[in-house]
1. Explain nothing, just the number: dipole magnitude of the chain about its Cα centre with +1 on each Lys and Arg Cβ and -1 on each Asp and Glu Cβ, in debye rounded to the nearest 20.
2. Whole-Hz Karplus ³J(HN,Hα) for the stretch 239-252, in order, using 6.51 cos²θ - 1.76 cosθ + 1.60 and θ = phi - 60°, x for Gly and Pro?
3. In debye, nearest 20, what is the charge dipole magnitude of the stretch 388-435 about its Cα centre with +1 on Lys and Arg Cβ and -1 on Asp and Glu Cβ, if you could check?
4. Please give the solvent-accessible surface of Trp240 in Å², to the nearest 10, using a probe radius of 1.4 Å with every protein chain present.
5. Excluding ligands, DNA and RNA, what is the solvent-accessible area per residue of the chain at a probe of 1.4 Å, expressed in Å²?
6. What lysines sit close enough to Lys77 to cross-link, taking a C-alpha to C-alpha distance under 24 Å and skipping anything fewer than 8 places away on the same chain?
7. For the stretch 150-158, take each phi angle, set θ = phi - 60°, evaluate the Karplus expression 6.51 cos²θ - 1.76 cosθ + 1.60, and give the result in whole Hz per residue in order, putting x for glycine and proline.
8. When the accessible area of the chain is split by element with a 1.4 Å probe, what percent falls to carbon and sulfur?
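The values are calculated or read from the model by the stated rules, or taken from the named source; none is laboratory data. As the structure is a prediction and not an experimental result, all values here were calculated from the model. FYI the Cβ positions are ideal-geometry reconstructions off the backbone, even for glycines, and counts take in every protein chain you see. Quick note on the areas: whole protein, heavy atoms, side chains included, nothing else; ligands and nucleic acids left out. Shrake-Rupley method; radii C 1.70, N 1.55, O 1.52, S 1.80 Å.
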Amino acid sequence: MNLPISMNESEPKSDAAPPDRKRSVNGTRTDYCRIVDSVPGCILVADAEGQIVYANKFAVATLGRSLEDLLGAGWLKSLDCSLITDAEKTWRRCVQEREPLNAIWRFRQPDDTYRWQHLKAEPTTDSNSKAVTWYILGVDVDEQCKAQEALKASEQEAREILDRVPAMISIWTDEGISYTNIRLSDYVGAVITDLRDGSYLDYSRPDDREAMVNEFMKSPTKNSKEIIYRLRGKDGVYRWFHTRAEPYFNEDGSIYRWYGLNSDIDDLYRSRELLRERELQLNLLTETLPALLWKAAPDGTIVYMNKTATEYCGRSLEEVQQMGWKDLIHPDDREEALVYWKRLLREGVGADTVLRLLGSDGRHRWFHTIAAGVRDGSGKLIAFHCVMLDTTAQKNAELALLQSEQQMQRVMDTVPSMLWSMAPDGSVTFINRKVRDYTGMSLDQIRKGGPIEMIHPEEREVAGKECQKAFAKGSHCEAEHRIRRADGLYRWHLVRAEPMRNENGQIVQWFAVFIDIDDQKRAEERFRELRINLSDTSRTSMGAEISASIAHEINQPLTSVLVNAQACARWLKVVPPKVEEAVVSVDRIVRDARAVDAVMRNVRLLFKRQSAVKAPCNLVDLIQDAVSLIREDVSRRFTPIEYDFEEPILMVLADRFQVQQIIINLVGNAIEAMQGSDRVPSLRICVKRAADGQVLTEFIDNGCGLPVHSVDTIFDAFVTTKKNGMGIGLSISRSIVEAHGGQLWAENNPDFGAKFSLLLSAPEPTTASG
């Protein structure tokens, strides 16, 4: 069928053709177009270059594009994007080599879905013009393709299922084995093709081959076949297998193929050989087991007793059946044991109890008795089994432990302190009698209210935080709190708690002790008052020495004021006046005047007992200012001082001038202690942060050190190591430090010299920022 380039074009006019013939040609062409458009398939016509020049209506409708879009190479744009490149190459090659096209491609439909089309195209040469025209026919084969894909997927899924079945599967025909799943191939170590020629018998045990051929492979029966034989694995070891084969028939009744299931029964088969030996071992075990075993029928009749039971009771099975066994139970345990026994016979439920049983030696021993009903597959009760384990030693140990616990309870109740025990989460598990007597509450009442409620309201928040910290860290806890007595009175107690850990380091219990220190705390308070009064007395008695010290302290800055004033006058009299040098002298005068003012203010505070005015101040600056004042003294000017500051700014909350006087006292004492020594004097001042937001300052010298007998008393009033000292400087310094809530102590160095430690509190962040 030679179609023109365009079905709508008329044939070129020719003067030679008669009109009737022209009408006949046009009519034929119209018929051809009508026929082509009615064909239920895609028909396209391409020129010699492979460019589409015509497409029937079915193709336009199927591809969902206009005729103009399909002309040329536009028809290929309807292909699936993944196929366009290969399809263009294939079509171009066919056109160039004039080879027929036979391909299945997927085209996009008007609803944006894709369907498979089977395309066939062949080139045709016009007999007159020798022009080549391509005729392309596309038939929808989407359903067939999807069916083939589903079939392929189904076959693949079936193979995967067969390969995953936990058994060895094979298929064979009269010609031999045609398929084995992967489990069977892996076992024998051979692929399927190795088994088609009948060499499968080579993997079987030679002793079993004849039976396999005659009774299984060549058996004329058309029913199911079964055989047990040994098959060699790829490791060379033979194992027992049970093979069951089912036939699959053709329509004429002939067998198409056999399906075989090979099950590894090696363990089961070999177990048969061991069954008798195991039964013998089981009998031997039950007879020699160090426990009393017996078996009873559903009506309660004893039908079996092991050797251990008969030897212990001194009765044989026949004697027990005749005489019974209830008289062997201790009279105190008999009633409870019979209740268990009757319930066991009535309900068939298990029984678990401890009782005393009479032995052949006339003594009763404790036995842990466990009995249970045995039922068959239908749930019918068929017997009772019982085992009795001798727990006499364990029972004696439990009794001894109980007595020990009672003794421990009595000991803890007589301890003259309150004892507690708590679970890892802090819940109270035990209190001794002292706690009950002091608080007037029982263990349950304390559990409900909580131990924190017994602490003075002013200290509960702190106590709660300390407890939480101790429980979180699992560390020792020690604190002093006021505990409410039963009459509502609060007394001071020292609270100590320690965790108990198991072998893995996990806390299993907390133990706490409350020690009454109320009298001690009140004595300390009275001693503190006496100490303050003593300090006041010391201030009065040392008036002369303080006056001399004040004169000395004031004389130095006053002398400096005079010298700097004279220097300032000289600088101003020079022509022209040296103003910068005069300003420096004036600054020094101001500094020295402030030093005099600070000395006088401290003296007034000392005698008036006014409260110190605390404010955040830089301890590093205080130390450097104090050392500068000390170096005004010629005798102290050349003592080397080494600084070790952890940070350039370390703030403390203190009275600036009082703390500065403490530093001057400590540094001055250290310099005096190093004088007269053969060693080169060396004073080291270290400042660093301590725990709980405090700042620690250490004054370390290499002097003669402190006398061993006076290290603990060096801060007491009127105790001194100096020939001309009164022994009140360090006492007053410690009083000032304690008024600041700090600590001051001394100790000798390991080699030589002494170390004085000053601990002061740092300001709160909000205070420091202010």
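1. Dipole of the chain, to the nearest 20 debye: 1960 debye.
2. So the Karplus estimates, Gly and Pro as x, are 10, 6, 10, 10, 10, 10, 10, 10, x, 10, 9, 7, 5, 7 Hz.
3. The dipole magnitude comes to about 240 debye.
4. The accessible area comes out at roughly 40 Å².
5. Heavy-atom accessible area per residue stands at 60 Å².
6. Filter leaves Lys57, Lys89, Lys120, Lys146.
7. Once θ is set to phi - 60°, the couplings for the stretch 150-158 become 5, 5, 5, 5, 5, 5, 5, 5, 4 Hz.
8. Accessible surface attributable to carbon and sulfur in the chain totals 53 percent.
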